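Take a look at the structure set out below.
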Amino acid sequence: MITHETDKVIIVEGLTDKRQIQKLITDDVTIVCTHGTLGVERFDELLETYDLDHKEVIILVDEDPSGVKLRKQLSRELPHAEHIFVSSEYREVATTPENILASALVSKHIAVNPIFLV
């Protein structure tokens with residue numbers, strides 16, 4: 001079994017979301033892309049690979065129908081997970097202004113580059 005050693009995992013939908021978050025954070029955080037909703041096998045694979053039952057998990061998905069569906073699915077499977085909600089004004093993680101995303105990440109105790117908090 002491959003495990004990732006960081007204690008924090010952020011679950012996002014796509015690569016553009018992952019890149020946006022990677023640009024902001026300075027913390028040692030694993031960012032996992034789901035690429036949309038998850039089948040049982042794919043979820044089980046993520047659960048085992050990233051040891052999600054024993055990590056601090058943050059769900060950060062778009063506020064669109066597919067993101068809402070994914071959030072509900074992940075909430076059922078990972079009841080201990082915390083959530084960051086993107087404003088419906090921006091709808092997508094990738095299009096949310098960097099300073100707003102950075103502030104949301106800091107609120108979940110994730111270190112970000114201070115230049116994004118201005």
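Flag not set for ILE58, criterion: in contact with a strand residue (DSSP E or B) (Cβ under 8 Å, 6 or more places away or on another chain), modelled with pLDDT of 95 or more and assigned to a helix (DSSP H, G or I). If you filter the range 77-88 down to residues that are at pLDDT below 95 and either out of contact with any strand residue (DSSP E or B) (no Cβ under 9 Å at 6 or more places or on another chain) or part of a helix (DSSP H, G or I) (or both), you find that the one that is nearest to THR37 (Cα to Cα) is GLU77.
Before we move on, is LEU46 at pLDDT below 95 and not in a helix (DSSP H, G or I)? Can you show your working first?
Working: at pLDDT below 95: yes; not in a helix (DSSP H, G or I): no.
It is false that LEU46 is at pLDDT below 95 and not in a helix (DSSP H, G or I).
Residue-wise test of (1) surrounded by 14 or more Cβ atoms within 10 Å (Cβ to Cβ); (2) under 14 Å from the mean Cα position of the chain (by Cα); (3) within 14 Å of ILE10 (Cα to Cα).
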{"position": "VAL29", "(1), (2), (3)": "yes, yes, yes"}
{"position": "THR34", "(1), (2), (3)": "yes, yes, yes"}
{"position": "HIS54", "(1), (2), (3)": "no, no, yes"}
{"position": "ILE58", "(1), (2), (3)": "yes, yes, yes"}
{"position": "ALA81", "(1), (2), (3)": "yes, yes, yes"}
{"position": "GLU89", "(1), (2), (3)": "no, no, no"}
{"position": "GLU92", "(1), (2), (3)": "yes, yes, no"}
{"position": "ALA102", "(1), (2), (3)": "yes, yes, yes"}
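The values are calculated or read from the model by the stated rules, or taken from the named source; none is laboratory data. Remember, predicted model here, so these are calculated numbers, not experimental data. We place every Cβ from the backbone using ideal geometry, glycine too, and count neighbours over all the protein chains shown.
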